[in-house]
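A quick write-up on the structure given underneath.
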Amino acid sequence: MALKLADYKTEVHNDWCPGCGDFGILNAIQMALADMQVPKHRATVFSGIGCSGKTPHYIKTYGIHTLHGRVLPFAQGAKLANPDLEVLAVGGDGDGLGIGAGHFVSAGRRNVDMAYLIFNNAVYGLTKGQAAPTLKLGMKTKSLPQPNVNNSVNPIALALVSGFTFLARGYAYDVRHLKDMIRKAVEHKGLAFVDVLQPCPTYNDINTKEWFQGSDNIDPETKKAMPRVYKLDSIGYDGIVRDPSEAPAKMAAALEKAAEWGDKIPLGIFYQNEHIPTYQERITSRIPNYVENPPARQQIATDDGTTVTNIERLLEEHRVDR
Ligand code: SF4
């Protein structure tokens, strides 16, 4: 029987603030899973710590709420142990680009076949709105006693130079477009990153829904709102690498678009390159039976329940330093 959107929803009480962009992201994830008809036992959502960390509680698949900044090691480990899983990691920009920044860069170098979504609201919402790594220099949101003294991290640019092979940006209140970005990220062969612009109405009083959608930015002549967010598709931008020789030019174009912020903020696919081998492909050259016999398919107990797990043998079989 076909899976419906409702099949991916849980009864767990949701305590995000009213109007939070997280609701749109949650819907988009559930819509993408339903679109792809991912069986619930084959999907796993991992989260770090923060408001976004509650996401797995609200999605009826396997889910693990991990440690601050450590979502990527958990998620990569699960995918490597069980390549049949669709693995989705989620977290805030503070979680992934602050304490988790080292894991972010290391994950890019590996290119494990999974997807990572950052809920980017530029503040640490769960702990009362401190400046997070994507808050621009000089901005003063309502919780800050002084304007932000640090420069900001550019998540798309950092992901690109770290080696992520799919880079996209979505917007939490454009749920259908975000669903498409998530679906493409999950279907991508390699490590995919989606930067999701997520207004935090409680603590970020600058990058609000009105700011992104331009209702505070009225054209004096037409009297119409001038949205800041726009789709890369609408200007004919194409970030897909169809031949490896195109990669340098497409990377340069993606970096240029990643730097765009302010009156115009691009959404869509900045860059996609499926010509880079995934980590699974790389280790298969050293462990030839990895795909047929990954750790998750190995017998751990006999029929009568006697354990036959041998960690030493497992570690020896899956060594990649040889
Ligand atoms: Fe959403 Fe901000 Fe409330 Fe957290 S603090 S739930 S990010 S509105």
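The values are calculated or read from the model by the stated rules, or taken from the named source; none is laboratory data. The shown structure was predicted, so the numbers you read here are calculated from the model rather than taken from an experiment. Heads up, the Cβs are rebuilt from the backbone with ideal geometry, glycines too, and the neighbour counts pull from every protein chain shown. The protein model used for the area step is the full one, side chains on, heavy atoms only, and it has no ligands, DNA or RNA in it. Shrake-Rupley method; radii C 1.70, N 1.55, O 1.52, S 1.80 Å.
Values as computed for the structure displayed
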read-out: Segment 114-133, residues that are crowded, with 24+ Cβ neighbours inside 10 Å, among the β-branched types (Val, Ile, Thr) and either near the ligand (Cβ under 10 Å from one of its atoms) or more than 15 Å from the chain's Cα centre (by Cα) (or both); value: 123
read-out: Failed criterion for residue 244 (all others in (1) more than 30 Å from residue 22 (Cβ to Cβ); (2) touching a strand residue (DSSP E or B) at 6+ places or on another chain (Cβ under 9 Å); (3) modelled with pLDDT of 90 or more; (4) not hydrophobic (A, V, I, L, M, F, W, C) hold); value: (2)
read-out: Residue list for segment 48-87, filter: in a helix (DSSP H, G or I), in contact with an Asp or Glu (Cβ under 7 Å, 6 or more places away or on another chain) and of a type in the set (Gly, Ala, Ser); value: 52
read-out: Segment 223-246, subset aliphatic (A, V, I, L, M) and more than 22 Å from the chain's Cα centre (by Cα), residue most open to solvent (accessible area, probe 1.4 Å); value: 235
read-out: Some residue of segment 35-49 being within 16 Å of the ligand (Cβ to nearest atom), touching a strand residue (DSSP E or B) at 6+ places or on another chain (Cβ under 9 Å), within 30 Å of residue 151 (Cβ to Cβ) and in contact (Cβ under 8 Å) with a residue 60 or more places away in the chain; value: yes
read-out: Segment 58-92 - residue that is within 16 Å of the ligand (Cβ to nearest atom), under 25 Å from residue 3 (Cβ atoms) and of a type outside the set (A, V, I, L, M, F, W, C) and, of those, nearest to the chain's Cα centre (by Cα); value: 65
read-out: Which numbered condition residue 220 fails, given (1) open to solvent by less than 40 Å² (accessible area, probe 1.4 Å); (2) assigned by TED's automatic domain parsing to the domain that holds residue 112; value: (1)
read-out: Identity of the residue in segment 155-181, assigned to a helix (DSSP H, G or I) and among the basic types (Lys, Arg), that ends up most open to solvent (accessible area, probe 1.4 Å); value: 176
read-out: Failed item, numbered, when residue 108 is tested on (1) more than 20 Å from residue 279 (Cα to Cα); (2) open to solvent by less than 10 Å² (accessible area, probe 1.4 Å); value: (1)
read-out: Among (1) more than 16 Å from residue 134 (Cα to Cα); (2) crowded, with 20+ Cβ neighbours inside 10 Å; (3) more than 19 Å from the chain's Cα centre (by Cα), the one test that residue 267 misses; value: (3)
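Results for (1) assigned to a helix (DSSP H, G or I); (2) small (Gly, Ala, Ser); (3) surrounded by fewer than 23 Cβ atoms within 10 Å (Cβ to Cβ), shown as yes or no for each residue.
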position: 11; (1), (2), (3): no, no, yes
position: 14; (1), (2), (3): no, no, yes
position: 18; (1), (2), (3): no, no, yes
position: 25; (1), (2), (3): yes, no, no
position: 29; (1), (2), (3): yes, no, no
position: 33; (1), (2), (3): yes, no, no
position: 41; (1), (2), (3): yes, no, yes
position: 46; (1), (2), (3): no, no, no
